[in-house]
Amino acid sequence: MKINFKTIIRQNSNIISHKFRNKMYLLDPESSEVRILNESAGLIWEVFEKPAKVSQAVKSLVDFYGLSGKDIKDDLLKFTEKYLKLKLLKAGR
């Protein structure tokens, strides 16, 4: 799925997540797969705890890290597209 700045992204409500020692653990009960996210990816995951536009997520991460929007935008889009394909994130309300 192709996303843009207006796309609303949210976590898949079936995914169980738990933060422990700067890592985020995601469990997909359907597949029994566990994914371990590093601190940066975990922060992106947390941004989408509630539905948010991609543009809002970029702003939140720019404010947190103090980096340029371009750097964050590229990483955020890669993460989001990957996790949409894995069905850990969902697009839309």
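The values are calculated or read from the model by the stated rules, or taken from the named source; none is laboratory data. This is a predicted model, so every value here is computed, not measured. All Cβ positions, even for glycine, are placed from backbone atoms using ideal geometry, and neighbour counts span all protein chains on display. Just the protein is used for accessible areas: all its heavy atoms, side chains included, with ligands, DNA and RNA removed. Shrake-Rupley method; radii C 1.70, N 1.55, O 1.52, S 1.80 Å.
What number of residues within region 35-85 satisfy the criterion of being in contact (Cβ under 8 Å) with a residue 40 or more places away in the chain, surrounded by 12 or more Cβ atoms within 10 Å (Cβ to Cβ) and out of contact with any Ser or Thr (no Cβ under 6 Å at 6 or more places or on another chain)?
Matching residues across region 35-85 total 12.
When region 1-34 is examined, which residues are found to be part of a loop (DSSP other than H, G, I, E, B) and surrounded by 16 or more Cβ atoms within 10 Å (Cβ to Cβ)?
Matches in region 1-34: I3, T7, N12, I15.
Between a residue in region 16-34 that is under 17 Å from K90 (Cα atoms) and in contact (Cβ under 8 Å) with a residue 60 or more places away in the chain and any residue that is open to solvent by less than 90 Å² (accessible area, probe 1.4 Å) and hydroxyl-bearing (S, T, Y), which pairs come within a Cβ distance under 6 Å, given they are 6 or more apart or on different chains?
Correct list of pairs: L26/S17.
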